[in-house]
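Notes to accompany the following structure.
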Amino acid sequence: MAHQLIDGNNRPIRYMRVSVTDRCNLRCRYCTPSADFVSLLHSQVLSYEEIERIVRILAPHGVNSVRLTGGEPLVRKHLQRLVHSVSSIPGVDDLSLTTNGLLLEQQAEDLKKSGLSRVNVSIDTLKEDRFQWITDPQGMRLSDDLSSVMAGLMEACRVGLTPVKINVVLMKGFNDDELEQFAELTRDNDFEVRFIEFMPMGPNGFWNEDRVMLADEAKTRLRRYYPELDPLGRGEGSGPATRYRIPGHTGIIGFITPISSHFCVQCNRIRLTADGKLRTCLFSDQETDLIPLLRGNSGDNEIFEAIRAAVREKPRGQEITTKGPAACARTMSHIGG
Ligand code: SAM
């Protein structure tokens, strides 16, 4: 292997999240910019060939895990072409996808055949009316979308896009009374349900301190129903989650704690935005624009050196608190979560 890509604090970079589009077919209140927001033009978005090139440059340097995200990655046409080319790159041994699941039922089998390893599906509520409220502030869509998402989830299991993880952003007053129902999903299914602390970022002031539920409080509530919540070690592919199993259940419960116990010390990730900016920290607006290099005459070596220089400056860490929005100019729908 060529030299491992390492940041200025000696952390090896092994994981890249790639936002393949800023467009989304949901408009989650806490994530998507307001309706008058103008999407990127097609020409501003990285082409599949450009994404593939960057992965090809980085894979020999130890970046062997890639996640496709967005926006909503499944709204980009022919995503399976990208999946096929990226999963065929020597050194890429884990290619995953984060999706809202709405189009997953139709695409899961093709994605699996094209080389996708696994999926994370974001579902913040199991109640149809709440689902509509959080994902569709203007009441524009059909009311059986949650059923489509659940069908996508089951199809992902059927075709083997496993382990299937379910991302639940915990929001007080919205879904904190559904912890048990989410935990019940792990009884007979091999899902990993991951409760995520609501981070102080977003488009329109939907986030506020009172909505944040920290993992410890969620665990205390869950223990009322399941007193024997068993901690598990950090497993292969568990990422930053701390994991538990309810005795007798097939699946796993995880907690992701960017606020109460942030994981910067072990951060091994970089992000590529849909418009070709390399971002070395979710909460830092320091970005390196790769488009001029990709579309100019730069060779792979020059591109690698630009990435290496950016990675060297990766912030040591960010203190995220419940006290207010982070200084983060872009929304999650732009950066890719
Ligand atoms: N459309 C895809 C989806 O829904 O999974 C991928 C993009 S979405 C930005 C990626 C993830 O970021 C989702 O699981 C979403 O819930 C999460 N997310 C967005 N804003 C967040 C916030 N303020 N705090 C925690 N998670 C957030």
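The values are calculated or read from the model by the stated rules, or taken from the named source; none is laboratory data. As the structure is a computational prediction, the values presented were derived from the model and not from experiment. Every residue, glycine as well, gets a Cβ built from its backbone with ideal geometry; the counts of neighbours run over all protein chains shown. The area values use the complete protein model at the heavy-atom level, side chains included, leaving out ligands, DNA and RNA. Shrake-Rupley method; radii C 1.70, N 1.55, O 1.52, S 1.80 Å.
One residue alone among LEU40, LEU95, LEU82 is more than 14 Å from the ligand (Cβ to nearest atom) and part of a loop (DSSP other than H, G, I, E, B), and that residue is LEU40.
In this structure, does THR125 turn out to be away from the ligand (no atom under 15 Å from the Cβ), free of Cβ contacts under 8 Å to residues at least 60 places away in the same chain, under 21 Å from the mean Cα position of the chain (by Cα) and assigned to a loop (DSSP other than H, G, I, E, B)? Give the derivation first.
Details: away from the ligand (no atom under 15 Å from the Cβ): no; free of Cβ contacts under 8 Å to residues at least 60 places away in the same chain: yes; under 21 Å from the mean Cα position of the chain (by Cα): yes; assigned to a loop (DSSP other than H, G, I, E, B): yes.
Judged against the criteria, THR125 is not a match.
Answer yes or no: is there a residue in the range 235-242 that is open to solvent by less than 30 Å² (accessible area, probe 1.4 Å), more than 16 Å from the chain's Cα centre (by Cα), farther than 26 Å from GLY317 by Cα and away from the ligand (no atom under 16 Å from the Cβ). Looking through the range 235-242, none of the residues is open to solvent by less than 30 Å² (accessible area, probe 1.4 Å), more than 16 Å from the chain's Cα centre (by Cα), farther than 26 Å from GLY317 by Cα and away from the ligand (no atom under 16 Å from the Cβ). Listed by position, the strands (runs of 3 or more DSSP E) contained in the range 209-276 that have at least 2 residues being touching a Gly at 6+ places or on another chain (Cβ under 9 Å) are 242-245, 252-256, 269-272. The residues of the range 87-106 that are more than 15 Å from the chain's Cα centre (by Cα) and either surrounded by 22 or more Cβ atoms within 10 Å (Cβ to Cβ) or in contact (Cβ under 8 Å) with a residue 60 or more places away in the chain (or both), listed by number, are GLY91, LEU102, LEU103, LEU104.
Here is the figure for the range 107-121: residues that are within 16 Å of the ligand (Cβ to nearest atom) and of a type outside the set (Val, Ile, Thr) total 6.
Condition (residue is open to solvent by less than 20 Å² (accessible area, probe 1.4 Å), within 25 Å of HIS334 (Cα to Cα), more than 16 Å from the chain's Cα centre (by Cα) and not acidic (Asp, Glu)) applied to the range 172-189: is it met by at least one residue? Checking the range 172-189: at least one residue is open to solvent by less than 20 Å² (accessible area, probe 1.4 Å), within 25 Å of HIS334 (Cα to Cα), more than 16 Å from the chain's Cα centre (by Cα) and not acidic (Asp, Glu).
Screening TYR48, TYR30 for residues that are away from the ligand (no atom under 16 Å from the Cβ) and either more than 30 Å from LEU170 (Cβ to Cβ) or surrounded by 20 or more Cβ atoms within 10 Å (Cβ to Cβ) (or both) leaves exactly one candidate, TYR48. Regarding ALA326, is this residue away from the ligand (no atom under 16 Å from the Cβ) and either of a type in the set (Gly, Ala, Ser) or modelled with pLDDT under 95 (or both)? When the stated conditions are applied, ALA326 does not pass them.
Considered as a group, the residues in the range 196-208 that are modelled with pLDDT of 90 or more and either more than 10 Å from the ligand (Cβ to nearest atom) or in contact with a strand residue (DSSP E or B) (Cβ under 6 Å, 6 or more places away or on another chain) (or both) include one that is most open to solvent (accessible area, probe 1.4 Å), and that residue is ILE196. For VAL75, the criteria (1) more than 17 Å from the chain's Cα centre (by Cα); (2) open to solvent by 40 Å² or more (accessible area, probe 1.4 Å) hold in every case but one, which is (1).
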